[in-house]
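Any read-out appearing in this document is the output of simple, stated calculations on the displayed coordinates, not a laboratory observation. Keep in mind the model is a prediction, meaning the values are calculated, not measured. With ideal geometry, Cβ positions are generated from the backbone for all residues, glycine too; neighbour counts draw on all protein chains shown.
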Amino acid sequence: MTTFVINERDRFPQTRVEISGRWLFGPGPSNADPRILAAMSLPPIGHLDPDFLTLMNESQSLLRYAWQTENPMTIPVSGTGSAAMEATLANTVEPGDVVLVAVKGYFGHRLVDMAGRYGADVRKITKPWGEVFNLEELSLAIEIHKPAILAIVHAETSTGVRQPLEGLGEICRANNCLLLVDTVTSLGAVPIFLDKWGIDLSYSCSQKGLGCPPGIGPFTMSPRAVEKMQNRATKVANWYLDMSLLSHYWGNDRTYHHTAPINMNYAVREALYLLAEEGIENSWKRHQENAESLWTGLEELGLECLVDKAYRLPTLTTVRVPDGLDAKAIATKLRIEYNMEIGLGLGELAGKVWRIGLMGYNSKPEKVLLLLAALKKVLKP
Ligand SMILES: *Cc1c(COP(=O)(O)O)cnc(C)c1O
């Protein structure tokens, strides 16, 4: 008789961690609106169920509203922001294409890494972390490198910078170049006019400005970008994110590609309805006003923001760590004593800043007061 080795029950963890929630004032995820959590707990239905297909159409229209675009190819990708980020490059980059990346923080480097993996001839221009590019610098780089795609981050979550984009789309068009913009920390919270600004490719996530749990990556591509994809000599090297295949599920044929994460799609639809009910301009205004109260409160505590006010993101504020203070120890104290999360510096800014997020459901006056009060307690005990 064969004897099987049975895993002993006492090898299982003897305790289980209790998840009771936290105030999420870091770079994401942010806290989710209870209406979104309720939507997530609805029973799953089939990914080809007529009701689900209707829900997909609703989400697509709502996403177009959030981005201010008419792009037919606008979908919530199954996966986090990085999946949608990868989708923009995977579908449009052909081996040997010049991709110019304007790097001014951590996520610019991620774009460089991804573009290289799809065989792009990657060129890079850089700025110190905490600064933005001006139009002349970008224009000159386009003239020099003649890229097929220019990639740039709108809201750089590692530095707290908002990159101005007006005028860039025209320059890209005049140079036969697609404009790819990361709007992960701006969608729903910071003004974006995708079509007006001539942006061809963009992606975002569910868990930052939209105030939904992580798991969905909004994605959009302009007709120009679709044309580049359709003229490819080679197949898209990523099966899962191939928009020429996915367009059959999200388009009229409704053919199976992969099983959509049903409950995450309930969640993101709810988040987008919340945004539409509030009105996108009101959401932009709310994020700006609450960020300004935060900045005033930080100043009153003797703290200084890294980024010039003109380019400061309302969704993510980088705060300089005063000399002699241990950034991580303060963040840990906030978590243990006040159940609050804030972010630490990344890359060049490690140890030098804290990153405070006020996104979606968390961008509220009472939460700003709560956060400032707790910060005061841990900084000036
Ligand atoms: C968070 C973030 C991403 C990555 O999104 P994930 O959901 O973490 O995969 C990309 N770009 C920027 C600017 C981000 O802030």
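For the chain, which longest stretch is free of loop sites, where a loop site is one of the chymotrypsin sites (Phe, Trp or Tyr not before Pro) that DSSP puts outside H, G, I, E and B and that has at most 12 other Cβ atoms within 10 Å?
Working: sites that count: PHE4, TRP239, TYR256.
Result for the longest clean stretch: 5-238.
Report, in deg cm²/dmol and to the nearest 500, the calculated mean residue ellipticity at 222 nm for the chain, where each DSSP H run with n ≥ 4 adds -39500 (n - 2.57) and the sum is divided by the residue count. Show your work: numbers first, answer last.
Values: 12 runs with 148 residues, N = 381.
It lands at -12000 deg cm²/dmol.
What's the magnitude of the charge dipole for the range 34-276 around its Cα centre, counting Lys and Arg as +1 and Asp and Glu as -1 at the beta-carbon? Answer in Debye, nearest 20.
Details: 19 positive and 23 negative charges, 49 e Å.
The dipole magnitude comes to about 240 debye.
What is the range 313-367 by shape, rounded, prolate or oblate, if you read a ≥ b ≥ c off the alpha carbon gyration tensor as root eigenvalues and call it rounded for a/c under 1.5, prolate for a/b larger than b/c, and oblate otherwise?
oblate
Please find, in a Gaussian network model of the chain (springs between Cα atoms separated by less than 10 Å), the residue of LEU274, LEU42, LEU306 whose mean-square fluctuation is greatest.
For the chain, modelled as a Gaussian network with Cα springs under 10 Å, the answer is LEU42.
Shape verdict for the range 185-242, please, from the Cα gyration tensor: rounded (a/c under 1.5), prolate (a/b greater than b/c) or oblate.
Details: a/c = 4.88, a/b = 1.46, b/c = 3.34.
Cα axes put the range 185-242 in the oblate bin.
Anyone know which of ASN71, ASN252, ASN290 comes out most mobile in the 10 Å Cα GNM of the chain?
ASN252
Are there GluC sites (Glu not before Pro) in the range 273-317 that DSSP marks as loop and that have at most 16 other Cβ atoms within 10 Å, and which are they? Write out the running numbers ahead of the final one.
Working: sites: GLU277, GLU278, GLU281, GLU289, GLU292, GLU299, GLU300, GLU304; in loops: GLU304.
In loop regions of the range 273-317 (DSSP not H, G, I, E or B), the sparsely surrounded GluC sites (Glu not before Pro) are GLU304.
Under 10 Å, Cα contacts only: if you run a Gaussian network model on the chain, which one of GLU70, GLU136, GLU270 comes out with the highest mean-square fluctuation?
Among GLU70, GLU136, GLU270, the largest mean-square fluctuation in the Gaussian network model of the chain belongs to GLU136.
Taking only the Cα atoms of the chain, how large is their convex hull per residue, in Å³?
Numbers: hull volume 70.3 nm³, N = 381.
Spread over its residues, the Cα hull of the chain gives 185 Å³ apiece.
Under a crude label model (7 Å from the Cα following the beta-carbon direction), how far is ASN252 from LEU37 in nanometres?
Those two pseudo-labels are separated by 4.3 nm.
Can you find, among THR332, SER206, PRO218, the residue sitting farthest towards the positive end of the charge dipole of the chain, where Lys and Arg contribute +1 and Asp and Glu -1 at Cβ?
THR332
Are there any trypsin sites (Lys or Arg not before Pro) in the range 196-279 that are in a DSSP loop and have at most 10 other Cβ atoms within 10 Å? List them by number. Intermediate results must be reported in sequence, preceding the final value.
Details: sites: LYS196, LYS208, ARG224, LYS228, ARG232, LYS235, ARG254, ARG269; in loops: LYS196, LYS208, ARG232, LYS235, ARG254.
Counting only loop positions with at most 10 other Cβ atoms within 10 Å, the trypsin sites (Lys or Arg not before Pro) in the range 196-279 are LYS235.
Under the definition of Cα pairs under 8 Å and six or more residues apart, what whole-number percent is the relative contact order of the chain?
The normalised contact order for the chain reaches 24 percent.
Please label the shape of the range 81-193 as rounded, prolate or oblate, based on the square roots a ≥ b ≥ c of the eigenvalues of the alpha-carbon gyration tensor (a/c under 1.5 means rounded; beyond that, a/b larger than b/c means prolate, else oblate). Mind dumping the intermediate values first?
Numbers: a/c = 1.45, a/b = 1.16, b/c = 1.25.
In terms of gyration-tensor shape, rounded.
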